[in-house]
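The values are calculated or read from the model by the stated rules, or taken from the named source; none is laboratory data. Keep in mind that this is a model prediction, so the values were computed, not measured. FYI the Cβ positions are ideal-geometry reconstructions off the backbone, even for glycines, and counts take in every protein chain you see.
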Amino acid sequence: MKIHIELIEDDNDEEIVIKTKDITKEIKDIQKFIQNRLKGVKRLVLYKGEEELYVPVENILFFETSEDSVYAHTKNDAYMVKHRLYELEKELPEYFMRVSKSTIINITKVMSIQKNLTSSSLVRFMNSVKEVYVSRMYYKELKLRLHERSYYE
């Protein structure tokens, strides 16, 4: 595969063209990766008491439900979110994925997975003591996404 970059004068004419004989899984993955990188930094409105915070989604390790609320967890804190998990799934970038009925994680922040054959596996995050469980139903997909991500980055 050749990669060709052409410099242009006008910002309005910028485009990315992929020339291929067949649309393979790898081509679709490259397209998805580029689209997600071009979306830019997205911020979510999070709440801590009376304070309203605007946090970049890339700083969030995971979202989880607790009782009747949804919380966004960063490295050192947790904030309330005024969205349901299914709403967040639609809005979040592709590097977030549901790993259980009550949890969505940022796969770019995963440090390790401790597999448990009989129940949920444990996920630990980089630079944090926080951890969540991945249900058996989502484990295989998570492993696949982590391997794909490491391949393209």
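Identify, please: which residue in region 51-65 is assigned to a strand (DSSP E or B), under 15 Å from the mean Cα position of the chain (by Cα) and modelled with pLDDT under 95 and is, among those, surrounded by the most Cβ atoms within 10 Å (Cβ to Cβ)? So, considering only residues that are assigned to a strand (DSSP E or B), under 15 Å from the mean Cα position of the chain (by Cα) and modelled with pLDDT under 95, the one surrounded by the most Cβ atoms within 10 Å (Cβ to Cβ) is V55.
If you go through region 1-38 and keep only what is within 29 Å of the chain's Cα centre (by Cα) and aliphatic (A, V, I, L, M), you end up with M1, I3, I5, I16, V17, I18, I23, I27, I30, I34, L38.
A count restricted to region 50-90 and to residues that are farther than 16 Å from V134 by Cβ, in contact (Cβ under 8 Å) with a residue 12 or more places away in the chain and not polar (S, T, N, Q) stands at 17. When region 1-50 is filtered for residues that are at pLDDT 80 or above, surrounded by 10 or more Cβ atoms within 10 Å (Cβ to Cβ) and either touching a Leu at 6+ places or on another chain (Cβ under 6 Å) or within 19 Å of R149 (Cα to Cα) (or both), the ones remaining, listed by number, are T24, E26, I27, K28, I30, Q31, L46. When K28, K32 are screened for being assigned to a helix (DSSP H, G or I), over 20 Å from T103 (Cβ atoms), out of contact with any helix residue (DSSP H, G or I) (no Cβ under 6 Å at 6 or more places or on another chain) and in contact (Cβ under 8 Å) with a residue 60 or more places away in the chain, only K32 passes.
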